[in-house]
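The values are calculated or read from the model by the stated rules, or taken from the named source; none is laboratory data. If you're wondering where the values come from, they're calculated on a predicted model, not measured in any experiment. Glycine gets a Cβ as well: all are built from the backbone with ideal geometry, and neighbour counts include every protein chain shown. What goes into the accessible areas is simple: the full protein's heavy atoms, side chains included, and nothing from ligands, DNA or RNA. Shrake-Rupley method; radii C 1.70, N 1.55, O 1.52, S 1.80 Å.
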Amino acid sequence: MRGTWVKRAVVAVVFGVSVVASAPAAAAAFEAGPGESGTAAGERIVLVGIPGLMWSDVTPADTPNLWRLAGDSALGSLSVRAVRKDTCPYDAWLTVSAGVRSAVGGACGMAPTPEAHGEGAVVPGFSWLWEVREQRDAGALGQALHGAGRTTMAVGPGAALALADREGRVDVYAPSPAEVTQWSRGDVIAVEIPDLVAPYVSGDRLSDVPERLSADARRSAARAADAKLGSFLPRLGPATVLVAGLSDHGSVPHLRTAMLHGPGSGPARTLGARSTHRDDMIILPDLTATILARTGVAAPPAVVGVPVETHATGGTLDERATALRTADVAGQTIRDTTGVFFTTLAVLQVVFYVTAFLLLRRRDGLPAIRAAAVALASIPVSTYLVNLTPWARTAQPAVTLFASIAAIAAAVTVAALAGPWRRGVLGPLTVIAAVTAAVLLGDLLTGTPLQLNSLMGYTGVVGARYYGLGNIPFALLATAVLLVTTAAADRLVRAGRKTVAVALVAVLGAFAMLLDGWPGVGSDFGGVIAFVPGIAVTALIVAGKRVSIVKLGAFCAAGGVLVMAIAYLDYLRPPAGQTHLGRFVGQVADGTFLPVISRKLGAMLSTLLSPNLMPVVLAAFAFLVFALLRPGAASAGVLPIAFERAPMLRAGLLGALVSGLIGMLVNDSGAAVLSMALALAVPLVLSAGIRALQHGEPVPAAGSPGPAAA
């Protein structure tokens with residue numbers, strides 16, 4: 001899952017040289033994993049769902065049975081995100097039943113109580129789930145097990161919901177572990193231990209507050225759940241045991257506990273899956289896929305999870321548990337502070353543009369404006385570099401996070417402004433763009449450890465993405481790559497090597513774009529569509545060619561064709577090895593892709609009203625318009641001077657704007673893509689113009705158009 005630099009680079013280069021010829025080898029490489037899946041057919045497996053269980057609940061004193069089990073199990077975090085921002089027990093068990101993220105809709109609390117039917121039971125009104133709630137895949141797990149002749153045994157209402165077939169039936173049922181006399185009667189057993197989540201459910205609704213119980217009351221609930229587990233664990237007989245903290249317990253999502261005890265597990269091992277491309281994190285549908293794989297039953301096509309894998313690791317049980325607790329702290333901190341961060345960034349951007357507008361009209365404070373521009377542009381890359389520090393392990397992680405980002409941004413700014421390159425017009429711009437591009441490309445090639453739990457990345461707590469290149473990092477990568485390649489192209493053009501300059505832009509841009517879209521590396525669908533026209537526009541301008549609307553449309557279409565080709569290669573792999581790119585091709589094939597498009601379109605449109613994103617877009621565009629149309633009156637002519645001193649810079653800026661605009665339209669993050677492209681590009685271009693102005697270039701007359709605007 002976490003490949004080496006060399007392995008991923010080789011895959012990307014081979015794809016770029018010959019995508020068709022490399023398809024079989026690439027598919028085999030992605031299908032194979034470094035971990036052990038332990039999928040021996042015919043295993044007896046027990047899923048113990050303890051909704052609400054977190055690693056912070058598992059301690060030697062309060063939960064001795066869980067702690068002893070953990071000592072001989074593979075351990076990981078469970079991202080329980082289903083459809084809502086928080087996942088109730090009903091939705092969690094339903095997701096296990098369907099093998100795909102599911103939600104009952106309306107009120108959401110505990111699963112319904114089954115009706116006794118002989119020694120088994122039937123979930124009442126089960127067909128209502130797909131007839132009324134449109135949960136078409138409900139019952140997929142139970143139906144597959146019954147179709148293969150496996151006996152299902154459920155203990156508790158949630159467990160019955162998970163194992164029910166399409167008729168809502170389970171073969172053997174007991175309301176609680178205390179009422180089970182023979183644990184050997186089921187090939188597949190699911191057990192619900194609700195003690196830890198029941199206090200948070202009122203009627204049929206999960207608590208709408210982050211934490212309803214006191215610390216002592218929560219520890220008491222954890223002890224009760226642990227005692228219930230200990231009462232039947234020794235009686236299970238030979239079986240693989242999966243323990244999962246199956247749902248949230250309040251309005252704030254968390255990473256939950258996941259353990260695997262059985263073949264392929266053992267002490268000092270982590271629990272991960274290719275669904276997350278993380279060695280220590282799985283998702284709810286992975287539980288479905290694991291149950292089917294361990295019992296030797298083929299997974300239905302709708303199941304999006306994959307069987308879990310275990311990986312050898314070091315450290316004591318306490319160290320491993322601490323690392324998993326820290327992962328939840330990191331995710332919670334990022335989730336809680338992202339809004340504050342982007343609001344602060346938006347305010348800083350707007351204040352900067354207003355201040356620069358006022359000062360540049362009088363040509364005052366040029367060094368300070370230049371330093372502020374470079375500092376602003378250094379913030380994005382600092383949000384990734386901060387994950388090289390142990391900020392989440394400190395007593396005040398949020399304070400440490402922001403302080404560390406500020407310190408790293410200051411260091412990057414000093415490096416850009418103090419090195420020997422500081423005298424050149426494009427020196428600081430090249431440094432910031434190169435560092436940003438190198439960090440993001442290096443992160444892609446090493447399994448994206450820096451984007452996970454970063455303010456401009458993603459977190460497993462939210463569960464929108466677990467690996468690859470997110471939409472904001474895409475905007476930063478595309479902008480940085482186009483700026484740094486055109487900075488290099490500028491030197492080549494001046495040396496009379498225009499053909500080499502065009503090739504440099506095309507080759508380096510294509511390499512970054514392929515890493516962005518390659519399944520298992522960037523896995524970014526919309527990014528490829530937006531990156532291709534950005535690269536093409538930049539290369540054409542460097543070559544001295546005109547860009548028309550027709551050409552731009554053709555470049556966008558080419559991006560769409562390319563990403564669908566990549567997605568189709570992904571689709572050719574076995575379902576368990578596919579990413580969301582390949583699954584989208586499957587949705588196109590079976591006609592179920594329209595809800596996906598509709599959901600992404602709705603998400604994109606909602607960002608256009610974001611108070612944290614649109615101010616950045618409006619302020620940056622307003623500054624650009626004034627700086628280009630009225631350079632003498634608005635900005636002392638810094639942008640026309642920058643384009644005159646470094647002509648290829650204009651190509652990089654326009655290419656970045658094209659990628660940002662198209663990226664806004666084809667990604668569900670919408671305005672976030674364009675705002676981050678502007679947040680990086682405009683301050684850097686402005687810093688170049690100020691340096692050119694400091695070199696004593698003539699300033700266009702007030703009200704006259706500059707050379708770039710003419």
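Mind listing P(r) for the chain? All alpha-carbon pairs, 10 Å bins, whole percents. Each 10 Å bin holds this share of Cα pairs: 3, 15, 24, 23, 16, 11, 6, 2, 0, 0. Taking all protein chains together and a 1.4 Å probe, the residues Ser214, Ser669 rank Ser214, Ser669 from largest to smallest accessible area. Couplings for the stretch 672-677, taken from phi via the Karplus curve 6.51 cos²θ - 1.76 cosθ + 1.60 with θ = phi - 60°, read 4, 5, 5, 5, 6, 4 Hz in order; Gly and Pro are left as x.
Extension gain, Gln694-Ala178: 0.36 nm per intervening residue step, less the Cα-Cα distance, totals 177.6 nm.
Between Val507, Gln587, Ala487, the Cα set farthest toward the positive side of the dipole of the stretch 471-612 (charges on each charged residue's Cβ, about the Cα centre) is that of Ala487. Sites listed here are trypsin sites (Lys or Arg not before Pro) in the stretch 331-379 whose DSSP assignment is loop and whose Cβ has at most 16 other Cβ atoms within 10 Å: Arg363. Would you please name the trypsin sites (Lys or Arg not before Pro) within the stretch 459-532 that are DSSP coil residues with at most 16 other C-beta atoms within 10 Å of their C-beta? Sparse-neighbourhood loop trypsin sites (Lys or Arg not before Pro): Arg497. Taking label points 7 Å from Cα along the Cα-to-Cβ direction, Ala403 and Ala312 give a separation of 4.0 nm. Using C-alpha pairs under 8 Å with a sequence gap of at least 6, the mean separation divided by the residue count of the stretch 468-527 gives a relative contact order of 44 percent.
Each of the GluC sites (Glu not before Pro) that DSSP puts in a loop and that has at most 15 other Cβ atoms within 10 Å breaks the chain; the longest unbroken stretch is 212-710.
A Förster distance of 56 Å, applied to the separation of the beta-carbon atoms of Arg166 and Val354, puts the FRET efficiency at 0.35. Of all DSSP bridge pairs formed entirely within the chain, close to 50 percent run antiparallel. I want to check the label-to-label distance for Arg422 and Lys545. Put each point 7 Å from Cα in the C-beta direction and report it in nm to one decimal. Simple spin-label model gives 4.1 nm for this pair.
Each of His254, Thr316, Val350 was placed along the dipole of the chain (beta-carbon charges, centred on the mean Cα), and the one lying farthest toward the positive end is Val350. Does the stretch 98-244 come out rounded, prolate or oblate by the C-alpha gyration tensor, with a ≥ b ≥ c the root eigenvalues, rounded set by a/c under 1.5 and, if not, prolate when a/b is larger than b/c and oblate if not? Because a/c hits 1.5 or more and a/b fails to exceed b/c, the stretch 98-244 counts as oblate.
Residue by residue, the stretch 63-77 carries 3J(HN,Hα) couplings of 10, x, 5, 5, 5, 5, 5, 4, x, 10, 10, 7, 10, x, 9 Hz when phi is fed to the Karplus relation 6.51 cos²θ - 1.76 cosθ + 1.60 (θ = phi - 60°); x denotes Gly or Pro.
Here the Karplus relation 6.51 cos²θ - 1.76 cosθ + 1.60, evaluated at θ = phi - 60°, turns the backbone of the stretch 139-156 into coupling constants of x, 4, 5, x, 5, 5, 5, 5, x, 9, x, 8, 8, 9, 10, 10, 10, x Hz, with x for every Gly and Pro. Relative contact order, whole percent, for the chain stands at 15, derived from Cα pairs under 8 Å and 6 or more residues apart. With one equal scatterer per alpha carbon and no solvent term, the Debye-computed log10 I(q)/I(0) for the stretch 556-653 at 0.14, 0.18, 0.21 1/Å reads -0.79, -0.91, -1.03.
Across every pair of non-identical alpha carbons in the stretch 193-272, the mean reciprocal distance, once inverted, gives a Kirkwood radius of 14.5 Å.
At 222 nm, what helix-only mean residue ellipticity would the chain give, in deg cm²/dmol to the nearest 500, using -39500 (n - 2.57) for each DSSP H run of four or more? Rounded to the nearest 500, it is -17500 deg cm²/dmol. Computed with a 1.4 Å probe over protein heavy atoms only, the accessible surface of the chain comes to 37 Å² per residue.
With both labels modelled 7 Å from their Cα along Cα-to-Cβ, the Arg205 to Ala116 distance reads 3.4 nm.
Take Phe626: with every protein chain present and a 1.4 Å probe, its accessible area is about 100 Å².
Accessible surface of Met648, taken over heavy atoms with a 1.4 Å probe and every protein chain present, rounds to 20 Å². Were the residues from Ala510 through Arg497 laid out at 0.36 nm apart, the gain over their Cα-Cα distance would be 2.7 nm. Using a 4.7 Å Cβ-Cβ cutoff, the cysteines of the chain lacking any partner cysteine are Cys556.
Our estimate of slack between Thr592 and Ala410, defined as 0.36 nm per intervening residue step minus the Cα-Cα distance, is 60.7 nm. Computed in the context of the full set of protein chains, the accessible area of the chain at 1.4 Å probe radius has 64% of its extent on carbon or sulfur. When Cys556, Cys88 are compared by accessible area of protein heavy atoms, the largest-first order is Cys556, Cys88, using a 1.4 Å probe.
Rounding to the nearest 20 debye, state how big the charge dipole of the chain is about its Cα centre with +1 on each Lys and Arg Cβ and -1 on each Asp and Glu Cβ. Dipole about the Cα centre, nearest 20: 2840 debye. Computed with a 1.4 Å probe on the full set of protein chains, the accessible area for Ile472 sits at about 30 Å².
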